[in-house]
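Novice: After the structure tokens below, expect a handful of questions from me.
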Amino acid sequence: MADKLICGVDIGSSKIATVVGIDSPDHDELRIIGFNSTPSRGVKKGLVVDIDQVTTSIEESVEKAERMAGHKITHAFASVGGPHISSLNSHGVVAVSNPQGEITEDDVVRAVDAAKAISLSTTRQIIEISPRDYSVDGQSGIKNPVGMSGVRLEVDTHLITASTTNLKNIDRCLSDLGITNAGFIFSGLASAEAVLTDTEKDLGVVLVDIGGGKTDLCIYIDGSLSYSASIPIGAKHITNDIAVGLRVSLASAELIKIFLSKHLNANKLKNKTGDLPNLKELNITEDISDISVKNVIEEIANPRIEEIYKFIGEEIEKSDFAKNIPSGLVITGGGALTVGMVEAGRKIIGLPIRLGIPEKVSGLVDEIIDTQFSSTIGLIFYGKKHALSETKKNKDFNKIFKDFSINKSFSKFKDLFKQFLP
Ligand SMILES: Nc1ncnc2c1ncn2[C@@H]1O[C@H](COP(=O)(O)OP(=O)(O)OP(=O)(O)O)[C@@H](O)[C@H]1O
Ligand SMILES: [Mg+2]
């Protein structure tokens with residue numbers, strides 16, 4: 001197998017990030033050879049609101065990433081998120097084509113196709129279909145039915161749907177730049193690919209990507225994606241609150257927020273929590289000499305952080321999986337670095353929380369190993385996993401079986417772990 005180029009364009013509310021990776025038979029890890037992040041224009045809460053502005057931002061980011069990689073980007077996976085995302089779990093049943101023989105890959109593809117037959121308005125489109133569990137002749141809990149004998153094959157799947165208009169808009173932006181869309185990937189799912197461990201997925205975990213304009217959520221139960229949602233609130237709201245509360249510009253508010261987050265998180269790492277940073281170091285134009293750092297954190301940032309967790313908590317309740325997530329929350333996205341975000345989550349949600357940093361890459365890694373690029377890196381992880389084959393049918397099949405080898409190898413580990421859980 002020759003080296004293969006896999007590209008992703010992450011269309012966020014704060015930044016457009018392009019990544020070019022090489023999937024090489026000589027390396028297990030994906031090697032990043034091109035990367036760029038450019039401020040995003042024309043995207044609000046994950047939605048394209050101005051095609052021309054988005055196209056210009058993507059063009060800028062793609063060109064810089066191409067220059068770094070020394071390769072032209074012709075195909076790319078594109079992230080999609082925002083409140084237009086919704087998810088549902090659906091069931092498919094088929095008769096096994098040869099009841100005397102074994103269940104084949106074809107039977108599985110037909111069962112999954114049957115699960116796709118849901119009534120969907122013309123304004124919505126399925127962007128992800130992820131099998132959770134199979135049953136053969138009523139016996140459930142099967143992760144891979146191929147090779148088993150039976151007459152009736154059933155599948156439980158998780159479907160993610162998105163607004164057709166938004167998908168078409170993203171397609172337009174890419175095709176205007178001569179890029180073929182290799183597939184839409186829900187940005188929350190992309191982040192999950194980049195930061196979750198297989199053990200977490202098997203035990204039950206919630207991935208939370210706190211971006212600029214939205215917060216994506218993916219819940220994994222028994223190793224399978226089981227719930228997805230996108231909440232229209234993100235870390236930009238914290239910046240807005242600081243701007244209003246301190247009567248400073250948005251640019252200054254952003255500087256203050258990042259400065260406090262970096263300084264206080266760094267101090268926490270060194271177990272030096274006592275000294276508060278001095279905002280004078282920022283040299284911003286407005287007079288902020290009287291501002292108390294404690295007030296900015298406690299009176300302005302914290303209420304918004306609490307609101308973000310309130311929405312996250314509501315989604316977890318809505319999913320009905322609140323009691324099945326012993327691994328807790330893995331928070332990522334740029335907003336996860338906001339000062340006090342992890343601590344507030346532990347208090348409000350009452351579950352373990354860790355920061356999800358995308359580390360499983362090599363190459364030009366320094367800049368990209370940052371929570372804000374989890375979904376960016378996840379795009380090419382997803383590409384590596386699911387676009388192995390060129391033919392459409394096989395591509396679908398790879399997608400259907402994406403987690404099975406992992407499930408198998410981790411099932412023993414999971415059972416061992418479950419013995420220690422309440
Ligand atoms: N070190 C940091 N400390 C605090 N906040 C940060 C830090 N780095 C980035 N952010 C914040 O993260 C937000 C951007 O996050 P991210 O890049 O994940 O968003 P996005 O993917 O462009 O948007 P979305 O996913 O919502 O469409 C901004 O509000 C920014 O202020
Ligand atoms: Mg994002």
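Each reported figure results from applying straightforward, stated rules to the coordinates on display, with no laboratory input. Computed from a predicted model, the values in this text were never measured in an experiment. Cβ coordinates were reconstructed from backbone atoms using ideal geometry, including for glycine residues, and neighbour counts include every protein chain displayed.
Novice: For a quick check: with amide H placed at 1.01 Å from N, whose amide H comes under 5 Å from D133's, ignoring anything fewer than 5 positions away on the same chain?
Specialist: Result for D133 returns D156.
Novice: Let me ask you something else. Where does helix 236-246 land angle-wise versus the long Cα axis of the chain, in degrees 0 to 90, nearest 10?
Specialist: The answer is roughly 20 degrees.
Novice: Okay, moving on. What ranking, highest mean first, results for peptides 82-94, 220-232, 189-201 when packing means the other Cβ atoms within 10 Å averaged over each residue? Present the calculation step by step, with values, prior to reporting the outcome.
Specialist: Values: 82-94: 18.5, 220-232: 22.8, 189-201: 24.7.
So the order, starting with the most tightly packed, is 189-201, 220-232, 82-94.
Novice: If you don't mind, there's one more thing I want to ask. Starting from the amide H of V339, placed 1.01 Å from N in the peptide plane, find each other amide H under 5 Å away whose residue is 5 or more places distant or on another chain.
Specialist: Close amide H contacts, sequence-distant or interchain: S261.
Novice: Now for a different question. With the cut-off at 31 Å, tell me which of the pairs K15/K201; K64/K116; K294/K318; K72/K201 have Cα atoms farther apart than that.
Specialist: K64/K116; K294/K318; K72/K201
Novice: Now a separate question. With the Cα gyration tensor of the range 1-128 giving a ≥ b ≥ c as the square roots of its eigenvalues, does the rule (a/c under 1.5 for rounded; else a/b larger than b/c for prolate; else oblate) give rounded, prolate or oblate? Provide the component values of the computation, followed by the final result.
Specialist: Numbers: a/c = 3.73, a/b = 1.46, b/c = 2.55.
Oblate, because a/c is 1.5 or more while a/b does not exceed b/c.
Novice: Something else now. Shape of the chain from its Cα gyration tensor (a ≥ b ≥ c, root eigenvalues): rounded if a/c is under 1.5, otherwise prolate when a/b > b/c, or oblate?
Specialist: On the way: a/c = 1.95, a/b = 1.50, b/c = 1.30.
It comes out prolate by the Cα gyration axes.
Novice: Same structure again: Please give me the summed charge of the neighbours of I233: other residues whose Cβ is under 15 Å from its Cβ, Lys and Arg +1, Asp and Glu -1. Walk me through the numbers on the way to the answer.
Specialist: Details: positive: K44, K45, K214, K236, R304, K310; negative: D209, D216, D241, E306, E307, E314, E315.
Around I233, the surrounding residues sum to -1.
Novice: Taking the Cα atoms only, what angle lies between the long axis of helix 164-176 and the longest principal axis of the chain, rounded to 10 degrees?
Specialist: Roughly 80 degrees between the two axes.
Novice: With springs connecting C-alpha atoms under 10 Å apart, model the chain as a Gaussian network and identify which of I58, I127, I288 has the largest mean-square fluctuation.
Specialist: Answer for the Gaussian network model of the chain: I288.
Novice: On to the next question. Which aspartates and glutamates, on any chain, are close to K360 with Cα under 14 Å apart, when same-chain ones fewer than 8 places away are left out?
Specialist: D23, D28, E29, E193, D198, D370
Novice: Of the listed peptides 344-350, 202-208, what is their order by residue-averaged count of other C-beta atoms within 10 Å, with the highest listed first?
Specialist: Numbers: 344-350: 16.7, 202-208: 26.3.
Averaged packing, sorted descending, gives the order 202-208, 344-350.
Novice: Now for a different question. How long is the gain from E367 to E60 if the chain were fully straight, where each residue apart is worth 0.36 nm and the alpha carbon distance is subtracted? Spell out each step's value before the answer.
Specialist: Numbers: separation 307, 0.36 × 307 = 110.52 nm, distance 1.80 nm.
Fully extending the segment from E367 to E60 adds 108.7 nm.
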